[in-house]
Structure formats: C-alpha cells, structure tokens
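Reading through the structure tokens given below for one structure.
Where a number appears in this text, it was derived from the coordinates with a stated rule and is not lab data. Quantities reported herein were computed from a predicted structural model and do not represent experimental measurements. Cβ coordinates were reconstructed from backbone atoms using ideal geometry, including for glycine residues, and neighbour counts include every protein chain displayed.
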Amino acid sequence: MPVYEYECPACKKVFEVQQRMSDDPIKTCKDCGGEVKKLVSMSSFHLKGGGWYSDGYSSKSTNDTTKKTKPAKETATPPCKGGEGGSCKNCPASS
C-alpha cells in the first residue's frame, strides 16, 4: 500500500499516511482541523539484483554503447528531379 505525505499550512505539521490508491486524499489535519495539501515526495523505488537493468543498462554491460561507429557513406547520386514524364523509373536516385 502506498505511503502519501501531507502538510498542514496552519500548524506546519508534515505527516505520512498509508492509503490505497483508490482512497480519497485527506482534506483536514487531525491535530488542528486545518486544510492539508498532498506533497510530492521522492519515490523509494530502487533497482536491485539482476534483470533488465543490469543486463541492458548498466555501465558494466557487455554491449558498450560508447564504441565508435563508422559514418554513413556519402553517395554521388544526384537528387531526384522528377524523372521523365514525372516517373522515377529511370531516376538514378531510385536505385
């Protein structure tokens, strides 16, 4: 069950509440009765162990993406100008 963090501007209290995702947000402070606002907190999500992260995205991966690649070859073929009669059949750029 997720933990949500709330703050009451009236009494300056910050508190956490375990709630279902389908539950309505808390609207009033249980201490002073003031209106509370829901805070955005850092997630506690942490990748551990093997799996997709260590296999494909880790810096220790065997598929090193820092390897240099060869630049694409330039072609000497002129750009298409519409060909004869608007057809590209004999255009050198179509091959």
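When the P(r) of segment 3-43 is calculated, the portion above 17 Å amounts to 24% of the C-alpha pairs.
Exposure proxy for F45, F15: other Cβ atoms within 10 Å of each Cβ, ordered fewest to most, give F45, F15.
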